[in-house]
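S.K.: So that we are looking at the same thing, I have put the structure below in structure tokens.
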């Protein structure tokens with residue numbers, strides 16, 4: 001797959017074949033044939049709409065590079081791809097579910113159209129699907145507030161990048177919410193030091209009156225046995241008390 005400057009040159013060039021021809025070779029056994037066809041469709045943008053189903057099938061490809069190109073091609077097709085992307089959220093393959101979530105997030109889709117479909121994905125067995133779901137909910141902001149009771153549960157996920165995306169999403173959806181603050185305070189008492197560190201960091205990012213209530217707990221966390229927890233708690237206190245002093 002082209003990388004760096006080669007990739008820039010690729011996306012600026014004109015595809016070498018019409019959509020109908022490219023559709024035929026997306027399932028070719030040769031990696032080079034598949035990825036070049038997907039790249040050509042990606043370059044076409046909305047003109048690649050007839051290939052939506054084939055691109056969705058490519059999200060099952062064994063090669064991550066090809067799956068990523070297919071995802072971007074679907075993103076560039078834009079709104080015409082939304083109905084089939086929403087349907088793909090129920091696909092049996094985790095790579096398809098993940099690709100569909102990322103593409104929908106990049107395209108931008110009304111929360112009311114997908115929230116009900118996204119909720120089960122917060123508990124998906126595929127950690128990359130959970131990560132992508134937290135990410136898209138964060139992009140939706142306040143429109144995703146109804147998901148908070150389930151989303152906050154991912155703060156204690158076993159996978160670090162899932163926890164990190166969740167924490168970031170919470171700061172964008174409803175940072176001053178009692179549900180969020182309570183979950184973060186609970187996180188400060190978690191047995192996992194990584195969970196405690198993320199909770200402390202997120203409270204610092206939130207700030208404001210809601211986060212001020214966490215000051216006693218953060219002061220205790222400064223004495224945590226784990227170095228990164230102590231560091232994040234200290235940074236959080238500086239942010240919260242510093243903002244308070246500025247007001």
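What follows is calculated from the coordinates using simple rules that are stated; it is not laboratory data. If you're wondering where the values come from, they're calculated on a predicted model, not measured in any experiment. Quick reminder, even Gly has a Cβ in these numbers, built from the backbone with ideal geometry, and neighbours come from all protein chains shown.
S.K.: Surrounded by fewer than 19 Cβ atoms within 10 Å (Cβ to Cβ) and part of a helix (DSSP H, G or I): which single residue out of 185, 218 fits that description?
M.R.: On the way: 218 fails: surrounded by fewer than 19 Cβ atoms within 10 Å (Cβ to Cβ).
Just a single option satisfies the conditions, and that option is 185.
S.K.: Another question about this same structure. Can you pull out every residue in segment 76-88 that is surrounded by fewer than 19 Cβ atoms within 10 Å (Cβ to Cβ) and either touching a strand residue (DSSP E or B) at 6+ places or on another chain (Cβ under 7 Å) or in contact (Cβ under 8 Å) with a residue 12 or more places away in the chain (or both)? Step through it out loud before you land on a result.
M.R.: Here is the first cut: in segment 76-88, the residues surrounded by fewer than 19 Cβ atoms within 10 Å (Cβ to Cβ) are 78-80, 83-84, 86-87.
Within segment 76-88, 78, 79, 80, 84, 86 meet the criteria.
S.K.: Okay, next question. Can you find, within segment 98-125, the residue that is farthest from the chain's Cα centre (by Cα) among those that are surrounded by 16 or more Cβ atoms within 10 Å (Cβ to Cβ) and closer than 19 Å to residue 158 by Cβ?
M.R.: Here the residue is 124.
S.K.: If you go through segment 193-208 one residue at a time, do you hit one that is outside any loop (DSSP other than H, G, I, E, B) and over 21 Å from residue 161 (Cα atoms)? Show your work before the answer.
M.R.: First pass over segment 193-208, keeping only residues outside any loop (DSSP other than H, G, I, E, B): 193-206, 208.
Those left that are additionally over 21 Å from residue 161 (Cα atoms): 208.
Within segment 193-208, one or more residues are outside any loop (DSSP other than H, G, I, E, B) and over 21 Å from residue 161 (Cα atoms).
S.K.: Would you point out which residue out of 114, 109, 152 is more than 27 Å from residue 63 (Cα to Cα), outside any helix (DSSP H, G or I) and without any contact (Cβ under 8 Å) to a residue 40 or more places away in the chain?
M.R.: Numbers: 114 fails: outside any helix (DSSP H, G or I); 152 fails: outside any helix (DSSP H, G or I).
Exactly one residue qualifies, and that residue is 109.
S.K.: May I pose another question? Would you confirm, using the coordinates I've provided, whether residue 163 is in contact with a helix residue (DSSP H, G or I) (Cβ under 6 Å, 6 or more places away or on another chain), surrounded by 23 or more Cβ atoms within 10 Å (Cβ to Cβ) and in contact (Cβ under 8 Å) with a residue 24 or more places away in the chain? Please lay out each step first, then the result.
M.R.: Numbers: in contact with a helix residue (DSSP H, G or I) (Cβ under 6 Å, 6 or more places away or on another chain): yes; surrounded by 23 or more Cβ atoms within 10 Å (Cβ to Cβ): yes; in contact (Cβ under 8 Å) with a residue 24 or more places away in the chain: yes.
Taking the combined requirement at face value, the residue satisfies it.
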